[in-house]
Structures are given as C-alpha cells and as structure tokens.
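The values are calculated or read from the model by the stated rules, or taken from the named source; none is laboratory data. Fair warning: this is a prediction, and the values are worked out from it, not measured in the lab. Just the protein is used for accessible areas: all its heavy atoms, side chains included, with ligands, DNA and RNA removed. Shrake-Rupley method; radii C 1.70, N 1.55, O 1.52, S 1.80 Å.
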Amino acid sequence: MEIIKPGSNENVVWLKCPGCQGFLPYMPDDETPEPSAGGSDPVALEDLDIENAKEYSEEMVFEIGEVIHHRSWNDYGKIVSKDTLPGNRQTIWVQFLRQGKVQLLEGVVH
C-alpha cells in the first residue's frame, strides 16, 4: 500500500489501498504485526469457503470467522479478530492466503 502521509501523531501512518482508494491508519507498535508481513497462522485454500466469501468493502461490518475476498489483491482471507482504533474506528484483522495478516477498516460511514 502507498504511504500517504504521517498522521498528526507520530505513531500513525496513513496508507492508501490501490484498489478501493480507501485510507487506512497504520499504528505500528511492539504488539501489532507489520501490515504486509505474513501472519504466524497461515490459512490454506481448503480451509476457506470461497464460494460464500463476501466482497470486502470498508463500509460493511463483518464477523470473526467470515471469509472475505479483497478484489484489489484478488486474495481470500479469514477474519481472525476485530479492534477499535482511537476515534471509535473499527477494524478487522484478516489472515489472507497471499498477503498474510492485514488490518482493514470496517463500518466506515462516508
């Protein structure tokens, strides 16, 4: 993902999704994996119900365990956890087949 600009807080970096053109705040810390780094628990294609995968959109709200498809990356992943960022922004952590573990926005109201 393209780095747009550092946030007002030096611990925040804004990334731009090349497909959906949405913005994602990335706040690195010792407990959060790098967004592009592979996760420690990779998923296999046979573990994912790709026929019933939902198309990822930052406006949607998802449940842990759901399978999603990220159109920009043409990658499938399983939602493994959820977080709340400052400002009450909601995110999901998704373990993708190729991208590894990635944090994505959810429930964004435009």
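Some points to look at:
- With eigenvalues of the C-alpha gyration tensor scaled by 5 and rooted, the stretch 46-110, Å: 20, 12, 10
- Solvent exposure, largest accessible area first (probe 1.4 Å, DNA, RNA and ligands not counted), of 63, 55, 106, 46: 46, 63, 55, 106
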